[in-house]
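Contents: one structure, followed by commentary.
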Amino acid sequence: MNRLQGKVAIVTGAASGLGAADARLLAAEGARVVLTDINVEQGEAVAKGIEGAFFIRHDTRSEADWQAVVAATFERFGRLDVLVNNAGLVRFGSVEDTTLEDFRFLNAVMAEGTFLGCKHAIPAMARSGGGSIVNIASVAALKGISPILAYTAAKGAILAMTRSIAVHCQEQGYGIRCNVILPGAHDTPMTAAALASLDDAAAGLEQIHNHGQGKPEDVGNLVVFLASDESRHITGTSVVIDNGETIR
């Protein structure tokens, strides 16, 4: 308990799934948490269940929204120590089937959203004396999963950006670490919706068939570790949570 006492965290995509679990676990360790999402009703409901937390409607594609979220966090808590870039979604389509509109939309939400989050959080964290950025990518950035081309591209961009951001923060002496988590299948509403729309034999479902799904808390526990001072010597690192599927 209290591994994050005194720290302030922003978690995007926190209305459900991994983001909601991250927010709850960060708060359980003493952090004051700002939850953001485009789903206002559900996001506010999650925030009400977390002591000291509050919710802000937030479209990660919008630079103005990012500026408002960081400003509101500073106004309320006077600092920013942790950013969890979790917001995401999936739409199906191979390289031949994916529309340019879908490709741009998914990359705007996830890749551009992560870029904007880091861009605007880093100066705030530097003013706070340092911090930790935890980006959420996916094993889709490592494996060839043909039905989710746009999602794969966005998550691959997040993986690559994380390394660049980690080096930049070191070069500037900000005391800010940046790491990325690559989850496999976890039991979330997004995964459930994907499973409902795919045939059991569809590419990319091997982990679920072979090893089952993880729980959101499995990712949340790692988020807590990377947010805490226990991981103070870890930056630019990618961690896979997929029960060993990508090593087979």
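The values are calculated or read from the model by the stated rules, or taken from the named source; none is laboratory data. Model, not experiment: these values are computed from the prediction. Areas reflect the complete protein model, heavy atoms only, side chains present, ligands, DNA and RNA absent. Shrake-Rupley method; radii C 1.70, N 1.55, O 1.52, S 1.80 Å.
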Calculate, in nm to one decimal, what His168 and Ala64 gain on full extension: separation in residues at 0.36 nm each, minus their alpha carbon distance.
-> 35.1 nm
Taking Cα pairs under 8 Å and at least six residues apart, what relative contact order does the range 99-171 come out at, in percent?
-> 41 percent
For the range 1-93, taking Cα atoms only, what is the radius of gyration to one decimal and the Dmax to the nearest whole Å?
-> 12.6, 44
Carbon and sulfur atoms: what percent of the 1.4 Å accessible area of the chain do they account for?
-> 50 percent
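Given a cut-off of 25 Å, name the pairs among Lys119/Lys143; Lys7/Lys143; Lys48/Lys215; Lys119/Lys215; Lys48/Lys155; Lys7/Lys155 whose C-alpha atoms lie farther apart than that in the structure shown.
In this structure, Lys119/Lys143; Lys7/Lys143; Lys119/Lys215; Lys48/Lys155; Lys7/Lys155 lie more than 25 Å apart at Cα.
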Helix 149-172 sits off the longest principal axis of the Cα atoms of the chain, rounded to the nearest 10 on a 0 to 90 degree scale, by 30 degrees
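Which translational diffusion coefficient, to the nearest whole µm²/s, is obtained for the chain from the Stokes-Einstein equation, given a Kirkwood hydrodynamic radius over C-alpha pairs, 37 °C and 0.692 mPa s?
183 µm²/s
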Degrees, to the nearest 10: 63-77 long Cα axis against longest axis of the chain = 40 degrees
Out of Asp22, Asp97, Asp37, a Gaussian network model of the chain with alpha-carbon springs under 10 Å gives the largest mean-square fluctuation to Asp97
Fully extended, how many nm does the chain gain between Ala72 and Glu230 (0.36 nm per residue separation, minus their Cα-Cα distance)?
-> 54.1 nm
Relative contact order of the chain, pairs being alpha-carbon contacts under 8 Å that are 6 or more residues apart, as % = 20 percent
Taking only protein heavy atoms and a 1.4 Å probe, what accessible area per residue, in Å², does the chain have with all protein chains in place?
-> 45 Å²
